[in-house]
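This report refers to the structure that appears directly beneath it.
The values are calculated or read from the model by the stated rules, or taken from the named source; none is laboratory data. For clarity, every value in this text was computed on a predicted model and none was experimentally measured. Glycine also receives a Cβ, built like all others from the backbone with ideal geometry; neighbour counts cover every protein chain displayed. To get the accessible areas, we keep the full protein, side chains included, count just its heavy atoms, and leave off ligands, DNA and RNA. Shrake-Rupley method; radii C 1.70, N 1.55, O 1.52, S 1.80 Å.
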Amino acid sequence: MNNTIEGRYFDGLSSASKQISILFNDSKNQLCLQTEDGDSLIWYLSDLQVESYDNLLEIRNKNYLDAILKVDDKDFARKFYQAMKKKKAIDIHTRLLSLGFSKISIVAVCVLVSICLMYLYILPPIAENSAALLPESFDNHIGNMVIETILEESKIDVEKTKHLKQFAAELNFGNTKPLEFTVVKSSEVNAFALPNGQIVIYTAILDEMKSYDQLVALLSHEASHVYHRHSIKILSRNLAGYMMISLLFSDVNGIMSLLAKNAQQLHSLSYSREFEEEADEQGLKTLINNNVNPYGMVKLFEQLEKKSKFSVPKIISSHPLTKDRKENMKKIILESDYVVRNDNKLTAIFESLKN
Amino acid sequence: MEKQIVETATKTQNYSLEFFGKGSEYFGIMIVNWLLTIITLGLYYPWARAKKLRYIYGQTALNNERFHFSGTGKEMFLGFLKVILLYIVTVFVSALITFVVGPIVGGLFLYLVILAAIPIAVHGSLRYKMSRTSYRSIRLGYRGNRNELVKNFFKWIFFTIITLGIYGSWLAMNLRRFTHRHIRYGDIEFSNDSDGFDWFLLNLKGYFLTIITLGIYMFWWQRDIFNYYWNNLKMKKGEQNITCSSIATGGSFFELLIGNLAIVVFTLGLGLPWAYIRTQKFVCDNVKMEGNINFDKIQQTEEEYTDALGEDAMDFLDIEVS
């Protein structure tokens with residue numbers, strides 16, 4: 001059988017196209033080429049590289065720089081592709097592409113789903129654990145950076161800050177890091193802790209409180225965030241998440257700007273539910289250790305919840321599921337042994353804070 | 001016999017530029033690229049880029065013969081590594097200078113290196129991309145002198161700074177003229193007659209009319225830019241030549257850009273490959289070539305070139321040269 005077909009040949013020296021006849025010998029894995037002038041060439045499959053455009057093949061040979069063999073023949077295209085595939089000369093990209101649109105789509109969707117699962121369930125614990133490797137000085141640096149910008153924008157209540165410091169001095173928070181307390185004048189019901197140990201309380205939240213145990217509860221809760229380095233953990237979780245997303249879109253820029261942006265908003269970062277519960281539970285322990293009524297924590301929640309009927313205070317909206325957290329507190333209190341001693345000094349300081 | 005040669009030399013040729021790419025095919029390539037890039041944690045990126053370029057070049061045809069991009073992922077990967085290395089060295093040296101001499105000198109050094117990196121990247125990228133582009137087995141090539149470009153670039157930047165940016169129009173066109181005039185396709189030389197003043201007026205007019213018409217003139221401004229780019233491109237081979245021109249209209253730009261916007265928005269970005277293909281098709285449909293150079297008779301003139309540095313320096317700095 002005569003398998004000779006016609007093609008066009010560009011020799012890489014001039015742009016002229018020459019007619020050429022091609023004999024495909026698949027047992028020897030070679031193409032025998034013969035030009036009109038009678039010159040003949042042998043191209044070995046292992047030297048070849050192919051681009052296919054439907055039935056049109058453009059074949060190039062690494063030993064014949066720039067030369068192109070163009071063949072437009074359906075039968076040849078199929079046979080040649082099979083032979084190249086057998087020689088493993090077809091790269092992974094082309095082979096995947098030849099699987100067809102629907103199969104690739106299925107694979108792509110599977111990969112996407114597994115990335116989402118990783119993003120939701122595997123990444124956060126890894127990121128949080130790696131946050132533990134960051135030195136304490138990092139916490140301080142970030143915290144100092146944020147406190148400067150916040151205190152530039154808002155007014156410190158000097159008198160109340162003095163009282164709050166006295167109040168906190170009466171308590172033992174079990175913290176390893178020295179804590180700083182500041183009262184800021186604001187109509188916003190909010191309080192937050194920064195990783196450098198700075199705890200900021202807004203005047204509006206003080207106004208909501210009825211007894212000193214609520215304030216102890218709030219301070220203990222915020223101190224626990226500092227103790228567990230929650231904001232640094234959230235920061236590294238967000239960062240890891242962003243890195244993964246940027247990988248998805250092959251974009252590596254902007255990680256630094258994200259770090260800066262997140263750091264700026266550190267005081268309004270929303271903690272995850274586990275972090276809030278962790279802070280609640282440890283805060284409760286602090287209350288019990290200081291012989292303060294643990295129901296102060298429950299009362300604090302109730303007070304803030306009541307407030308939320310009129311407007312949603314930030315501290316509630318960013319601290320999710322207050323009701324569940326309240327029930328959880330009640331359950332733990334029932335299981336605990338505790339002694340409550342009414343502290344006149346704390347009461348007195350609390351009264352002056354309320355003025 | 002002699003008469004015949006003269007005849008072929010001046011005979012007007014027909015040129016047709018076509019783009020055969022399909023959105024669905026390009027989408028498939030992008031999906032596979034994406035998959036392999038994810039699985040390799042981003043390492044496949046240069047190979048993905050090579051695949052993309054190879055498809056786009058291969059689907060572009062002049063007189064029914066396709067272009068070819070022969071660059072490989074490996075070349076671009078090595079180029080990327082070199083860029084990273086140079087970056088580290090630069091940062092290290094500037095830190096050393098800061099430490100030994102002082103922060104002002106160290107900072108100045110860093111700025112100078114970054115500034116010099118732009119023309120060097122333009123040079124390298126063009127050299128690489130042109131050397132990897134071929135048509136009918138003949139390579140393109142860029143023969144500009146790097147040091148000359150760097151020297152000119154510093155001069156243009158200096159004028160731009162002292163004119164508070166106004167010279168920027170001249171900078172852009174000078175750069176375009178310089179680079180285009182050093183491009184070769186076999187024994188064909190490219191030339192470009194762009195002028196900074198024309199470019200300045202074009203953009204001034206576009207800017208103000210766009211504001212006055214509340215943005216509607218934007219499409220006509222785009223048309224003017226596109227037409228200016230192409231109308232100034234010429235090719236020359238001895239006595240023979242080709243002039244390029246664009247037939248794009250403001251209306252067709254409106255259709256292209258609004259259509260692309262709709263495709264991308266309504267598919268949540270998944271339609272991006274279709275938008276890209278539409279744009280390529282638009283370019284090929286609107287650029288016309290006239291002249292008497294016969295593309296059957298071009299001689300290979302460019303030497304082989306094996307440095308992929310520039311290509312990735314460009315990716316790194318995110319500058320596009322067209």
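Just wondering, is there one or more residues in the range A:104-111 that are modelled with pLDDT of 80 or more and either in contact with a strand residue (DSSP E or B) (Cβ under 9 Å, 6 or more places away or on another chain) or closer than 20 Å to residue B:66 by Cβ (or both)? No: the range A:104-111 contains no residue that is modelled with pLDDT of 80 or more and either in contact with a strand residue (DSSP E or B) (Cβ under 9 Å, 6 or more places away or on another chain) or closer than 20 Å to residue B:66 by Cβ (or both). Suppose we filter A:41, A:33, A:56 for residues that are in contact with a strand residue (DSSP E or B) (Cβ under 7 Å, 6 or more places away or on another chain), open to solvent by less than 90 Å² (accessible area, probe 1.4 Å), facing another protein chain (nearest Cβ under 10 Å) and not small (Gly, Ala, Ser); which single one remains? Criteria check complete, one pass: A:56. Might you let me know whether the range A:31-53 holds any residue that is without any contact (Cβ under 8 Å) to a residue 12 or more places away in the chain, of a type outside the set (S, T, N, Q), more than 27 Å from residue A:13 (Cα to Cα) and not in a strand (DSSP E or B)? No: the range A:31-53 contains no residue that is without any contact (Cβ under 8 Å) to a residue 12 or more places away in the chain, of a type outside the set (S, T, N, Q), more than 27 Å from residue A:13 (Cα to Cα) and not in a strand (DSSP E or B).
Condition check ((1) loosely packed, with under 15 Cβ neighbours inside 10 Å; (2) of a type in the set (A, V, I, L, M)) across all residues:
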position	(1), (2)
B:204	yes, yes
B:207	yes, no
B:264	no, yes
B:280	no, no
B:294	no, no
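Just one of the listed residues (B:241, B:286, B:192, B:232) is touching a residue at least 12 places away in the same chain (Cβ under 8 Å), open to solvent by less than 30 Å² (accessible area, probe 1.4 Å) and over 30 Å from residue B:159 (Cβ atoms), namely B:286. One residue stands out among those in the range B:246-262 that are loosely packed, with under 15 Cβ neighbours inside 10 Å and either of a type in the set (A, V, I, L, M, F, W, C) or within 24 Å of residue B:195 (Cα to Cα) (or both): the one that is nearest to the chain's Cα centre (by Cα), which is B:247. For the range A:283-302, a residue qualifies if it is of a type outside the set (A, V, I, L, M), part of a helix (DSSP H, G or I) and either open to solvent by less than 40 Å² (accessible area, probe 1.4 Å) or at positive phi (or both), and the qualifying residues are A:283, A:286, A:296, A:301.
Candidates B:74, B:82: the one that is modelled with pLDDT of 85 or more and in a helix (DSSP H, G or I) is B:74. Of the residues examined, residue A:114 is not one that is facing another protein chain (nearest Cβ under 9 Å) and either of a type in the set (Ser, Thr, Tyr) or open to solvent by 80 Å² or more (accessible area, probe 1.4 Å) (or both). Scanning the range A:1-30 for residues being aliphatic (A, V, I, L, M), more than 14 Å from every other protein chain (Cβ to nearest Cβ) and either in a strand (DSSP E or B) or within 24 Å of residue B:138 (Cβ to Cβ) (or both) gives a total of 3.
Here the strands (runs of 3 or more DSSP E) wholly within the range A:154-249 that include at least 1 residues being surrounded by 16 or more Cβ atoms within 10 Å (Cβ to Cβ) and small (Gly, Ala, Ser) are A:191-193. Got a number for residues in the range A:59-78 being of a type outside the set (A, V, I, L, M, F, W, C), within 14 Å of chain B (Cβ to nearest Cβ) and touching a residue at least 60 places away in the same chain (Cβ under 8 Å)? Residues flagged as of a type outside the set (A, V, I, L, M, F, W, C), within 14 Å of chain B (Cβ to nearest Cβ) and touching a residue at least 60 places away in the same chain (Cβ under 8 Å) within the range A:59-78 amount to 2. For the range B:35-53, which positions are facing chain A (nearest Cβ under 7 Å) and in a helix (DSSP H, G or I)? Matches in the range B:35-53: B:35, B:36, B:37, B:38, B:45, B:51.
So, in the range B:14-34, of the ones that are β-branched (Val, Ile, Thr) and open to solvent by less than 20 Å² (accessible area, probe 1.4 Å), which residue ends up farthest from the other protein chains (Cβ to nearest Cβ)? The extreme case among them is B:29.
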